[in-house]
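The values are calculated or read from the model by the stated rules, or taken from the named source; none is laboratory data. Because the structure is predicted, anything quoted here is derived from the model rather than measured. Glycine also receives a Cβ, built like all others from the backbone with ideal geometry; neighbour counts cover every protein chain displayed.
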Amino acid sequence: MSLFNHIACSALMLIALGLLPAFAQNTSPVPIVRIETVEIPISYIVPGSEISDGRIDVSSRLMGFIEQLDVREGQSVKRGNLLVRIDPTDIDEAIRQARFGVSTAEAKLADAEADVNRYSTLAPSGAVATETLRKAQVRLGIARTALESAQSALAAAETQKNYATINSPVDGVVVSVEKRSGEMATPGSPILTVESHEVLLFRTYIAERNLPLIDTDTPVTVAIDVLGGRHFHGRIRGIVPSGDDVTRRYEINVLLPADPALVPGMFGRAEIRLGSDEAIVVPRSALVQRGGLEGVFIVEDGAARFRWLRLGRDLGDRLEVVSGLAAGENILAAPAFGLADGAAVAEARQ
């Protein structure tokens, strides 16, 4: 390579880096932005997961063999749909015996009433001893009590019959099935689990230092990763006032809006607004990379001067400037590619 070509290439590199003024001057009007201090939100971003507020373990109040269990994991159910049927043979026998007990008690009561009526007629004339009448009245009271007890036993047995069929308490999805048809159901032992999608929460944990800054009125936006970062506006329903003694974090639950795209288990991030702060920001379009660092072109006396910046938070189409700019300065809104440091510019203020 000749000496001339080497010098020419070096000059072009310096111009590209903005370290040597370009020979050509850009005199076309370019948009200028005046730097001002703006108010930006202070946000606290924490990961978490969606959960259902209506996860119900379905169990039987009876002991008996499962006669019917046709639902499976992942199946949608509506409120009132049949989930489980328990073999009612033992209950039917209990009802039969209770009805027999009521019939027997009614017969004894009728007999006791007849004795009392008869003795009450004969006692005044002395045909029957007063003690006999008294005992008949006692037997009548016992018969009435026995009938009430038999009727209560029948009502309890018939109520048990209602427990032989278990219907879904909510609209939701069957997420687990622990038993199968033919197995024994016992009181309190889960048969299956139904998860309602009527109320969804986003559960996350916040650091101890941020706890005093958050309450149920604090704005929250939840971004769900699997939905492409789609945002949902939520409301803090509650803060669990007991933290983990190792992580020093506290559980919060954010109430999510009703949306068919949301299902329990989805991962996301909650952006909790803690307040606001004043800062200097620049448009993303104004940033230029030089020497591996980012900066902007400020406009001074009709010339574009490159200045490196220290950037802070990413605000979407704007970026926070930590140092390097002051309010009142002017910068190029969208510098042309290859613009050299010191190039003359004509202002077209935005």
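Test each condition in (1) within 30 Å of GLU300 (Cβ to Cβ); (2) not in a strand (DSSP E or B); (3) not charged (D, E, K, R) for VAL71 and report the one that comes out false.
Every condition holds for VAL71 apart from (1).
Got at least one residue in the range 186-201 being modelled with pLDDT under 90, surrounded by fewer than 19 Cβ atoms within 10 Å (Cβ to Cβ) and touching a Gly at 6+ places or on another chain (Cβ under 9 Å)?
yes
Filtering the range 328-344 down to residues that are crowded, with 19+ Cβ neighbours inside 10 Å and among the aliphatic types (A, V, I, L, M), which residue is farthest from the chain's Cα centre (by Cα)?
Only one residue tops the list, namely ALA343.
Among the residues that make up the range 276-298, is at least one of them farther than 29 Å from THR37 by Cα, buried (at least 17 other Cβ atoms within 10 Å of the Cβ), at pLDDT 90 or above and small (Gly, Ala, Ser)?
No, the conditions are met nowhere in the range 276-298.
Check the range 252-272 and report whether any residue there is assigned to a strand (DSSP E or B), surrounded by 12 or more Cβ atoms within 10 Å (Cβ to Cβ) and at pLDDT below 90.
So far as the range 252-272 goes, no, none of its residues is assigned to a strand (DSSP E or B), surrounded by 12 or more Cβ atoms within 10 Å (Cβ to Cβ) and at pLDDT below 90.
Given the criterion under 30 Å from GLU67 (Cβ atoms) and at pLDDT 90 or above, identify the matching residue among VAL170, VAL226, VAL175.
After ruling out the rest, the residue left standing is VAL175.
Of the numbered conditions (1) surrounded by 14 or more Cβ atoms within 10 Å (Cβ to Cβ); (2) in contact with a helix residue (DSSP H, G or I) (Cβ under 9 Å, 6 or more places away or on another chain), ARG248 fails exactly one; give the number of that condition.
Of (1) surrounded by 14 or more Cβ atoms within 10 Å (Cβ to Cβ); (2) in contact with a helix residue (DSSP H, G or I) (Cβ under 9 Å, 6 or more places away or on another chain), only one is false for ARG248: (1).
Regarding the range 24-42, can at least one residue be identified that is under 28 Å from the mean Cα position of the chain (by Cα), surrounded by fewer than 15 Cβ atoms within 10 Å (Cβ to Cβ), modelled with pLDDT of 90 or more and part of a strand (DSSP E or B)?
No: zero hits.
Find the strands (runs of 3 or more DSSP E) located wholly in the range 97-212 whose residues include 1 or more that are charged (D, E, K, R) and within 23 Å of ASN81 (Cβ to Cβ), and list them.
Strands (runs of 3 or more DSSP E) meeting the threshold: 190-207.
Which condition breaks for LEU325 when tested against (1) part of a strand (DSSP E or B); (2) surrounded by 16 or more Cβ atoms within 10 Å (Cβ to Cβ)?
Only one criterion is unmet by LEU325, namely (1).
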